[in-house]
Each structure stands twice: as structure tokens, then as C-alpha cells.
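Notes follow the structure.
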Amino acid sequence: MRFMRFAAVAALAVATIGGAHAKDWSKVRMGTEGAYPPFNYTTADGKLVGFDIEIGNALCEELKIECEWVTQDWDGIIPGLVAGKYDTILASMSITPERQEQISFSKKYYNTPPAIAVRKDSELAGVTADDLKDISIGAQSSTTHSVYAEEFFTESDVRLYPTAEEYKLDLESGRVDAVVDDVMVLSQWIDSEEGSCCKILGTLKSVPRIHGEGAGIGVRKGDEDLANMFSEAIVAIRANGKYKEINDKYFKFDVYGE
């Protein structure tokens, strides 16, 4: 399959969408959380890194546009986009019907299932609501995982945390019995020294109305031309091998999904 050159897409956005009122996307501000390893996080020296960041940079390079990263706490990340603090959200945000009422999305750039993690000495043996009855379960607030936990684990004590790092600390110390998050986030953590306390208990079946269609790049309503540019660039880096190069740096299998 042939792919059009995305420098032309960026330069000719006026001609393709919205006529003379379309925006100039030669420079794009990319919003992310910076606290969700391995997807996006900040190193001790203040450098923003992770799968999301490298994918974003590769997309901008493919489009031949200048991209500037902006960090924002997760709870305020959609309001920040709507308010114009940045032009996109590239922060492992799942494409869900609820979010699509507020913002628009590119096509997905990855899709992995949720999972439950527990301490290695845990006696828990399964991940159903009955298996996890009468225990405490941690999740990051305002995420698909917290929505799932509150809806399906109704006989558990669901505890919400501002960041993933905080629930990890509580699981490690035994202040919470289990946590729910993306399987890759939990797997990378338990494979590290910091997460050596814990193990993956099992994965959960995704619920499309909650977990959505995968993680996409969010844009403001009316900026669908920008979302389309990134969608085309995702196809291009999947085809030219750049996506695989970044994927294999972080993961042992293709996280793009079906």
C-alpha cells in the first residue's frame, strides 16, 4: 500500500479540512501525564520518556511537524485540552463513548487488556468479582480501570489514587490487597526491583463500553483534521517498521492488538 507524504498533509490542512478557517498544525503541543510508566513518565533528571512519548515523537517526525510536550495531572487532562493548554492528549487514553462526548480521537495506537496484581504472598487465586469479594482493590482515579472496578467489584473496597505510583506503594506495603491497571503497566512494574513484592494474578476481559477501542490521541472537537493526520501517521509507522522498533524496546509482544 502506498502512503501519502505527511508533510503535505500538515501543510495542506486548510485544503483538506475546514477551508480557510483550519488551523496551522506545523507546531503541535502534545499533552501527557508523565506519571504512568512504561507509557509516559519523568526520569529523576526531569526527562519525559516512555512508549507514548517515543510513539508521539515518531508520529511528529513522520508528519514533519514540530511537537512540544506539556505535562498535566491525569484528573485535569481533558479539561486542559478543552481549555487550549495543549492540542492533543497522548497519554494512554482509551477511546470510550463517554470521552468521545467531550473530545475526538485518532485511531488507536495500542490496545492491551487490564489485569489484577497482588502481593506474592497473597492467598487470592482468581480475578472474578467473587474471588475478590471483601478485599481492598486499588486503581488510579478517572481511568477505565477505576470505572470497571467500581462497577464490577461492588462487594470489594475500591480505593482510588491520583497516580499509579501511589497505589503501587500501598500494594507493596500491604495497605491494599490488590490493584487493577493495564497489564503492561503492571507487568513492567513487577519485573522491576520496585515491584518485586508482587505478581500478576490474572488478566480481565475488556468491556468495550468501559475500556473502549484502545488508546488513541485525543483532540478538541473541531480539530478532527489533526486527529486524521495522526491516524494516517500511525498507519505509516506501523508499515515502515518504526512502530515495531519502539514496541520492541518496551514490550515482548505487539501491543497494537487486534
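The values are calculated or read from the model by the stated rules, or taken from the named source; none is laboratory data. Every value quoted in this text rests on a predicted model; they were computed, and no experiment measured them. All Cβ positions, glycine included, derive from the backbone under ideal geometry; neighbour counts span all protein chains shown. Surface areas here come from the heavy atoms of the whole protein model, side chains and all, with no ligands, DNA or RNA. Shrake-Rupley method; radii C 1.70, N 1.55, O 1.52, S 1.80 Å.
Quick one: what are the phi-derived ³J(HN,Hα) couplings along the stretch 242-258, Karplus 6.51/-1.76/1.60 with θ = phi - 60°, whole Hz, x for glycine and proline?
After applying 6.51 cos²θ - 1.76 cosθ + 1.60, I find 5, 4, 4, 4, 6, 3, 5, 6, 10, 9, 8, 9, 6, 7, 4, x, 5 Hz.
What FRET efficiency do you get for D24 and D134 if R0 is 51 Å and r is their Cβ-Cβ distance, rounded to the nearest 0.05? Each step should come with its number before you reach the end.
On the way: r = 56 Å, r/R0 = 1.10.
Step by step, r from the Cβ atoms, then E = 0.35.
I'd like to know how the stretch 114-210 sits against the 2.2 N^0.38 Å rule of thumb: what's its Cα Rg over that expected value?
Details: Rg = 11.8 Å, N = 97, 2.2 N^0.38 = 12.5 Å.
Ratio of Cα Rg to 2.2 N^0.38 Å: 0.95.
Using the Cα centre of the stretch 114-210 as the reference point, and only Cβ charges (+1 on K/R, -1 on D/E), how large is the resulting charge dipole? Debye, rounded to the nearest 20.
Numbers: 9 positive and 19 negative charges, 45 e Å.
In total the dipole reaches around 220 debye.
Which lysines, if any, have their Cα less than 25 Å from the Cα of K85, not counting same-chain residues under 8 positions apart?
Straight-distance partners of K85: K23, K27, K47, K64, K107, K108, K221.
How big is D, in µm² s⁻¹, for the stretch 51-133 by Stokes-Einstein at 37 °C and 0.692 mPa s if Rh is the Kirkwood radius over C-alpha pairs? Can you show the working numbers first?
On the way: Rh = 15.9 Å.
D, rounded to a whole number, is 206 µm²/s.
With a sphere of radius 14 Å drawn around the Cβ of D254, what net charge do the other residues whose Cβ falls strictly inside it have (Lys, Arg +1; Asp, Glu -1)? Provide the component values of the computation, followed by the final result.
Working: positive: K108, R238, K242, K244, K249, K252; negative: E245, D248, E258.
Around D254, the charge tally is +3.
Nearest 500 deg cm²/dmol is fine: what mean residue ellipticity at 222 nm does the chain get from its DSSP H runs of n ≥ 4 alone, each adding -39,500 (n - 2.57), divided by its residue count? Don't skip to the end; give the middle numbers.
Values: 11 runs with 90 residues, N = 258.
For the chain, the value works out to -9500 deg cm²/dmol.
Please state the charge dipole magnitude for the stretch 157-258, taken about the Cα centre, from unit charges on C-beta atoms (+1 on K and R, -1 on D and E), reported in debye and rounded to the nearest 20.
On the way: 13 positive and 20 negative charges, 47 e Å.
The dipole of the stretch 157-258 has a size of about 220 debye.
Under 5 Å between amide hydrogens, which residues at least 5 positions from K64 or on another chain qualify, with H placed 1.01 Å from N in the peptide plane?
none
Below 13 angstrom from the Cβ of E193, what's the summed charge of the other residues (Lys, Arg +1; Asp, Glu -1)?
On the way: positive: K168; negative: E172, D191, E194.
My count for the surroundings of E193 gives -2.
Within the chain, what percent of beta bridges assigned by DSSP are antiparallel, to the nearest 5? Show your work: numbers first, answer last.
Values: 22 of 37 bridges.
Rounded to the nearest five, the antiparallel share is 60 percent.
Want the number for E151 to D170: 0.36 nm per residue separation, take away the alpha-carbon distance, what's left? Mind dumping the intermediate values first?
On the way: separation 19, 0.36 × 19 = 6.84 nm, distance 2.19 nm.
Value of the extension gain: 4.7 nm.
Quick check: net charge around T96, other residues with Cβ under 9 Å of its Cβ, Lys/Arg +1 and Asp/Glu -1? Let's see the in-between values first.
Values: positive: R99, R209; negative: E98, E213.
Residues near T96 contribute 0 overall.
How large is the translational diffusion coefficient of the chain in µm² per second when you combine the Kirkwood radius over alpha carbon pairs with Stokes-Einstein at 4 °C and 1.567 mPa s?
Working: Rh = 19.0 Å.
The diffusion coefficient I find is 68 µm²/s.
Carbon and sulfur together cover what percent of the accessible area of the chain at a 1.4 Å probe radius?
Heavy-atom surface of the chain belonging to carbon and sulfur, 1.4 Å probe: 50 percent.
Which far-off residues, 5 or more places away or on another chain, put their amide H under 5 Å from the one on Y161, with H placed in the peptide plane?
Hits under the 5 Å cutoff: A139, Q140, S141.
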